[in-house]
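The values are calculated or read from the model by the stated rules, or taken from the named source; none is laboratory data. Computed from a predicted model, the values in this text were never measured in an experiment. All Cβ positions, glycine included, derive from the backbone under ideal geometry; neighbour counts span all protein chains shown.
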Amino acid sequence: MRDIISCCDYKLGYFVTKATVASWMMWAIYLSPLFYFIQQVSMELFSDGTKKNEPNYLDSGQYVIDFYDFKDMLGLAVVVLVLELLICRVLQVVFLKKMNNPSR
C-alpha cells in the first residue's frame, strides 16, 4: 500500500498537473504534498512578470506558470501539509493501539 501511495505522490503535481488531470481526479491533486511543493517552487523560480502580449512571452518563466496553471497558494499548502501530518499521526497511534495487540 505504501508503494502505491508513494507512486501516486510522485506523479501527482509533477507529471500530472491541474492543467492535464482528468476532472474526476482533481481531488487527488489537491491531496498530494508534491503538488504543493512543485507549484510553490515553480512560482518562485519562474515568476518574472512577463505579460502575455509581450514578444518574448513564449520564452519566459511566466509562460510555464500559465501553461501548467500554477497559482501561489502558500497559505493553503501549509494548512494542507500540517493537516495531513496530524491526521496521519493520529491514525498511526489508533492503528498501533487497536490493531497491533501486543501480548502483555
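Scan the stretch 48-58 for residues that are modelled with pLDDT of 85 or more and out of contact with any helix residue (DSSP H, G or I) (no Cβ under 6 Å at 6 or more places or on another chain) and jot them down.
Within the stretch 48-58, Lys51, Lys52, Asn53, Glu54, Pro55, Asn56, Leu58 meet the criteria.
Of the numbered conditions (1) more than 20 Å from Leu76 (Cα to Cα); (2) among the small types (Gly, Ala, Ser); (3) touching a Leu at 6+ places or on another chain (Cβ under 6 Å), Ser32 satisfies every one except a single condition; which is it?
It is condition (1) that Ser32 fails.
For the stretch 1-47, give me each residue that is among the acidic types (Asp, Glu) and either at pLDDT 85 or above or surrounded by 10 or more Cβ atoms within 10 Å (Cβ to Cβ) (or both). So that I can check it myself, show each step before the final result.
At the first step, the residues of the stretch 1-47 found to be among the acidic types (Asp, Glu) are 3, 9, 44.
If the condition is that a residue be among the acidic types (Asp, Glu) and either at pLDDT 85 or above or surrounded by 10 or more Cβ atoms within 10 Å (Cβ to Cβ) (or both), then Asp9, Glu44 are the ones that fit.
When the stretch 48-70 is examined, which residues are found to be in contact (Cβ under 8 Å) with a residue 12 or more places away in the chain, exposed (fewer than 11 other Cβ atoms within 10 Å of the Cβ) and under 24 Å from Phe37 (Cα atoms)?
Gly49
Go through the stretch 27-52 and report how many residues are in contact with a Gly (Cβ under 9 Å, 6 or more places away or on another chain) and assigned to a helix (DSSP H, G or I).
Qualifying residue count for the region: 11.
Looking only at the stretch 79-102, count every residue that is surrounded by 10 or more Cβ atoms within 10 Å (Cβ to Cβ) and of a type in the set (S, T, N, Q) and tell me the total.
Result for the stretch 79-102: 1.
Counting just the residues of the stretch 53-78 that are acidic (Asp, Glu) and under 15 Å from the mean Cα position of the chain (by Cα), which one comes out farthest from Met43 (Cα to Cα)?
This residue is Asp69.
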